[in-house]
Amino acid sequence: MKKLQRRTILKGIAAAPILLAQGRVWAASGVPTMPSEVDLAKAKAEGKLTLYTSLDSKIVDSIIGAFKAKYGITVEYFRGGSADVTSKVLAEADAGRIQADMVDASDLAALLVMKDRGLLLAKQSDATAAIAANLRDPDGTWMADRLTQGVIQYNTKEFGGEKAPKTWKDLTSPAMKGRLAFFSSANGDGAPRLYTLAKHLGWELLETLAANKPIRVATPQLVTQLLESGERGAAFATNDNIAWRSKLNGKPTDYVNPPEGVPTEPGAVGLIKRAAHPHAAFLFHEFWMGKDAQGLLVNGGKYSSRSDVMPPTGSPPLSSLKLLTLDYAEYKRDRQAILRRMTDVFGGEWGI
Amino acid sequence: MTRPLQASLHHRSRWDGSTIVFCFSIGLLLLIVGYPLLWLLMSAFGIPGEFELGYIAHVYTRSQNLAPLVNTLILAFGSAIISVAFGVPLAWATARSDVPLRRTIQALVAVAYITPPYLTAIAYIILLGPDAGYFNRALQELTGATRGPFDIFSMGGVIFVVGMHVFPFTYFMTHSALRSVDVSYEEAARLLGARRWGVLLRVNLPLVAPAITGGALLSAIDSMALFGPQAFLGLPAQITFLPTRIYGIIGSYPPRWAEASALSLTLVLLTACGLMLQRAYLEGHSHATVGGRGLRLENIRLGRWKWLLLAFCLGVVFLSALAPVGVLAIAAFSRSWISGIAATNFTLSNFSEALFNNQIAVRGILNSFRLAAAAGLCAVVVGATVAYVDLRTQAKGRRFLDYLAILPLGLPGTVMAVGVLLAFIRPPFAIYGTIWILLIAYVARFVPLATRSANATLRQIDPSLEEAARIAGASRLAALWRILLPMTLPGMAVAFLLVFIPALSELSATILLYSGGTETIAVAIFRLNDLGQIEVVAALAVFTITVTLLVSLPLNWLSNRGRTVPTGAVSKS
């Protein structure tokens, strides 16, 4: 008991200077918490902002290009998997110096963790009205910006016509042995959608898929590359937008939303509470969530979270799909156990 | 020198500018090497938190940690075997036989060593990807098989690629031993009637055995410390090694510091054991017969055999240098690497993307050059100071200082990064998230190279020259500046380049320490590869290899001016 107290005090002493320093910066800058408080002159004076994102860089480039053209403000970004983004933010928070002004990750649980740590700014947004209530935080610290479905993608030369896989079950057949691919980087960022599959369709599905010896790469972009080159024949739970782009570019691939249900993964965005560029960041947040930028997102093959933005060209409306969803508060709570189970099923490194 | 004079010299020198440089360098060394290691040790035993002596053992009760340990040992063993199998025949061929193209072969072995191993790994994905790799597709067409025979995403694949990078250790050590063997032993054996192969096996081999063993051990140690090939080739095959495991633990959220530290400490212990083994072995097998009398060396005529040996040598340098670099060049100029060489597939756009348009790549190149230059300068200042204090003063604790400056040689980049992270993520030195943390990691990692090089340079200069200047009334600073510095400049330039080159393409520490805005070339390559932009990655790779080779040229030239380059350089990735 005595030891515990001493440690708490020591921690407090250690943390005090950082908190003080940060508090000063924060108080001095007058952080906006609603769109009307954003000062365009101040935003331009800040001149730039830093975004941490797990979104495909081609989409990010198009959005920040449009933002720069409109406001003359530069967006520098760090791009990694959602766990990369999250571990960087958390580590930087430990160091008392978060580089990011805005965070975007395809793992909602990650934003919940950041919210728990008190890192995210509670704010109002003009986009709120266009976003379904279950896709945003009632406290206003995060809101979903996009929805990604974990589809089946396949090489049409190897699995053309009749042989094309249509259901999850098709992938469990012995013909698929050694022909499958999926993704997750070493820190387990592919786990949420796989867990969504397991939760709705049973862990046996994952176990039989694992028995077909799938190759695992770090990202959906690499999955697509394996399929385009014919290195592997089919992939499970890979990003629909990446599969969509591959097909659009005339590569020998196609993809399908299986009728048993397809995992849907909301990506979400939030502002860092003690950001170095609060006005520029808020301005960018509103731009990012606005109809124009969301249109650019859709051009990149993503589904927008806004109800007033159409799906990507040639993609089915989400209402026509059986969507499998995840309770992210529950996922955040059970994450360690889930990652452990992924390690048991697939082997390899899941960061657990 | 008389006592009063010595005393007066010491008196005069007590507080001049050089003292400040000395204190600064020593403080810096303690801060960037000692302080992170202290944190690593504490963290491995559960501090801050509950102190637990057996934490390391506890960590290995988890199969997720035990398997990487076993895999790492298998990798070390496998690459040591490859290293000997390739390094020794090549060394003998180029040192003692009349095989043609000996200089070319030696130069290509150097290229194999200097190419960052993660680039070799990417090249081998293009060459030996199980279905789409160039080699595999060629073999498929030849044999009519539906699948290529090789799978680079496997333990064998990792061992092969790592072996291709580390075999130069064995090669260079064996080569120099063979060049200095006393030929009279061979002649004696010949006179006594031994045949050519008998001489080779029963005279030459035992004489150079310590060099071979030393090379094999260095290869094993280096292979355990690498990160790139393990990440690029091991992760897709679900094979985890200690460095990639540590990366996974820290890259996940929340980061588990204690577990990562415990695994790091194990990796240090493994490397330290290897280094001690090597040292003990070399000391126990004194090669008294290997003297400097290499004068009467004559190359052995092999007759027809030489073509067979040449084929083997060319095969090895093709696999380790020509094929990887060549295939990266092909991909760099291709619209799509899958399509191979064709006029319609040719483009320069990958280079414009890599060097001008891609935000992260451009920033990465700038950061890498700045960091490598700054790290080179800092390491040279620190290294030269340590060498000076060690050789020219009687300061207390100078042995410890020297040891501290050499210590990082046994620390894998991943381990160094974990220590630096732990130390510099919190007050009073909270610099995580800035470029300074990368600079610290680079200086700490590569300061041994600068120290050894500076030490070797300083040893060649007689102290009497400085003493003469001091007696003539110059201050210590002036003696350093006007006498020692000009004389040691070429040696210091070598030390600078020895740090600059590996720092330019450092991956294993950087990947744990960079943040938004502080990306380097290696990070850009790692991230762009994740995004499947292999052609742009190849363009960046070609750029990096070209710069590295260009920078290495003066290194050769400077070293040939009688300055020694320390052997046992640590791996770059």
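Below, the figures for the structure above:
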quantity	calculated
Filtered residues of segment B:141-161 (kept if within 11 Å of another protein chain (Cβ to nearest Cβ), out of contact with any Pro (no Cβ under 7 Å at 6 or more places or on another chain) and over 22 Å from B:Ala112 (Cα atoms))	B:Thr146
Test: residue in segment A:72-85 that is away from chain B (no Cβ under 11 Å), over 19 Å from B:Leu528 (Cβ atoms), in contact (Cβ under 8 Å) with a residue 60 or more places away in the chain and surrounded by fewer than 21 Cβ atoms within 10 Å (Cβ to Cβ)	no
Only one of B:Thr72, B:Thr120, B:Thr94 that is assigned to a helix (DSSP H, G or I), in contact with a Pro (Cβ under 7 Å, 6 or more places away or on another chain) and crowded, with 21+ Cβ neighbours inside 10 Å	B:Thr120
Residue satisfying condition, being part of a helix (DSSP H, G or I), more than 9 Å from chain B (Cβ to nearest Cβ) and modelled with pLDDT of 85 or more, within set A:Ala28, A:Ala16, A:Ala21, A:Ala69	A:Ala69
Qualifying positions in segment A:236-284 - farther than 20 Å from A:Val31 by Cβ, surrounded by fewer than 22 Cβ atoms within 10 Å (Cβ to Cβ) and small (Gly, Ala, Ser)	A:Gly250, A:Gly261
Given (1) modelled with pLDDT of 90 or more; (2) under 26 Å from the mean Cα position of the chain (by Cα), number of the condition B:Leu282 does not satisfy	(1)
Given (1) surrounded by 17 or more Cβ atoms within 10 Å (Cβ to Cβ); (2) in contact with a strand residue (DSSP E or B) (Cβ under 7 Å, 6 or more places away or on another chain), index of the condition A:Leu201 fails	(2)
Enumeration of residues in segment B:428-455 that are outside any helix (DSSP H, G or I) and without any contact (Cβ under 8 Å) to a residue 40 or more places away in the chain	B:Pro428, B:Ala430, B:Ile431
Helices (runs of 4 or more DSSP H) completely within segment B:460-567 that count 1 or more residues being touching an Asp or Glu at 6+ places or on another chain (Cβ under 7 Å)	B:476-479, B:521-530, B:534-559
Lone qualifier among B:Gly163, B:Gly157, B:Gly148 - being outside any helix (DSSP H, G or I), in contact with a Phe, Trp or Tyr (Cβ under 8 Å, 6 or more places away or on another chain) and under 29 Å from B:Ala76 (Cα atoms)	B:Gly148
Count of residues meeting criterion [more than 7 Å from every other protein chain (Cβ to nearest Cβ), touching a Lys or Arg at 6+ places or on another chain (Cβ under 8 Å) and in a helix (DSSP H, G or I)] in segment A:86-115	3
Matching residues, segment B:500-549, being more than 14 Å from every other protein chain (Cβ to nearest Cβ) and farther than 15 Å from B:Thr115 by Cα	B:Ala509
Answer from A:Asp334, A:Asp308, A:Asp327 - the residue that is modelled with pLDDT of 90 or more and within 18 Å of the chain's Cα centre (by Cα)	A:Asp327
Residue in segment A:333-343 that is touching an Asp or Glu at 6+ places or on another chain (Cβ under 9 Å), free of Cβ contacts under 8 Å to residues at least 40 places away in the same chain and surrounded by 14 or more Cβ atoms within 10 Å (Cβ to Cβ) present	yes
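Yes or no, residue by residue, for (1) of a type in the set (S, T, N, Q); (2) more than 26 Å from the chain's Cα centre (by Cα); (3) within 11 Å of chain A (Cβ to nearest Cβ); (4) buried (at least 24 other Cβ atoms within 10 Å of the Cβ):
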| residue | (1), (2), (3), (4) |
| --- | --- |
| B:Asp182 | no, yes, no, no |
| B:Arg196 | no, yes, no, no |
| B:Ala237 | no, no, yes, no |
| B:Pro254 | no, yes, yes, no |
| B:Cys273 | no, no, no, no |
| B:Met276 | no, no, no, no |
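The values are calculated or read from the model by the stated rules, or taken from the named source; none is laboratory data. Note that the structure is a prediction, hence the values are computed from the model and not measured. Because the Cβ atoms are built from the backbone with ideal geometry, glycine has one as well, and the counts that use them run over all protein chains shown.
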